[in-house]
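The values are calculated or read from the model by the stated rules, or taken from the named source; none is laboratory data. None of these values were measured; they are calculated from a predicted model. Glycine gets a Cβ as well: all are built from the backbone with ideal geometry, and neighbour counts include every protein chain shown.
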Amino acid sequence: MSRAGAPLKGRAGRLARLMPSASPSSAARTPFVLLVVLLLGGGLITLLLLNSALNEGSFRLSELKRDTTELTDEQQALQRDVDSYSQPGALERRARELGMVPGGSPAFLDPDGTVRGVPTKATAPPPPTPTPTPSPEPTPEDGAQADEAGAGVPPATPSGTATPSPGAAAEPEPEDAPAPENTPATPPPTTPGR
């Protein structure tokens, strides 16, 4: 009889029952468990990387939206400025500040070379003359104004400017007087059709 096939007795039998012998199926499970753990760990790391990339893109998108809003506001403000400068009244005022005057009637060239219309020279309108306003007669209640009127000083208006007396007329400028310095010189003549 061989001892390998005989059941163990005593202390060795009890140990053999408490610790079963390693079976071939448990050794085959170890690579599968490692593969599952690696796949789960890789998936979690990939998910973490994707989440951080999405958050970075979200922050960049909100920053770009804020920049777009600021630039849109600036563009609208600039467009309002352009619109205010291109209004007819603003253009006329700026042209007068530069010494420009409204043009005369134009002449047109026909395709055959004939001139239609008679061009006229642009002339500056005469400057407006201030009209004197009559001052009220002094009354006894207005002692200060009576003193000024007696001294030959015209009374002051509420705006702080002096009004000329009715007897004083505005001095007309002589025609031989030189033109003001800000009036531009006559531009050189241009040939029609150019």
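Structural remarks
- Among the candidates A53, A6, A77, the residue that is more than 30 Å from T123 (Cα to Cα), of a type outside the set (D, E) and at pLDDT below 90 is uniquely A6.
- Only one of the numbered conditions (1) surrounded by 10 or more Cβ atoms within 10 Å (Cβ to Cβ); (2) at pLDDT below 75; (3) assigned to a loop (DSSP other than H, G, I, E, B) is violated by E148, and that is (3).
- Only residues that are in a helix (DSSP H, G or I) and either β-branched (V, I, T) or touching a helix residue (DSSP H, G or I) at 6+ places or on another chain (Cβ under 8 Å) (or both) were counted across segment 71-128, and they come to 7.
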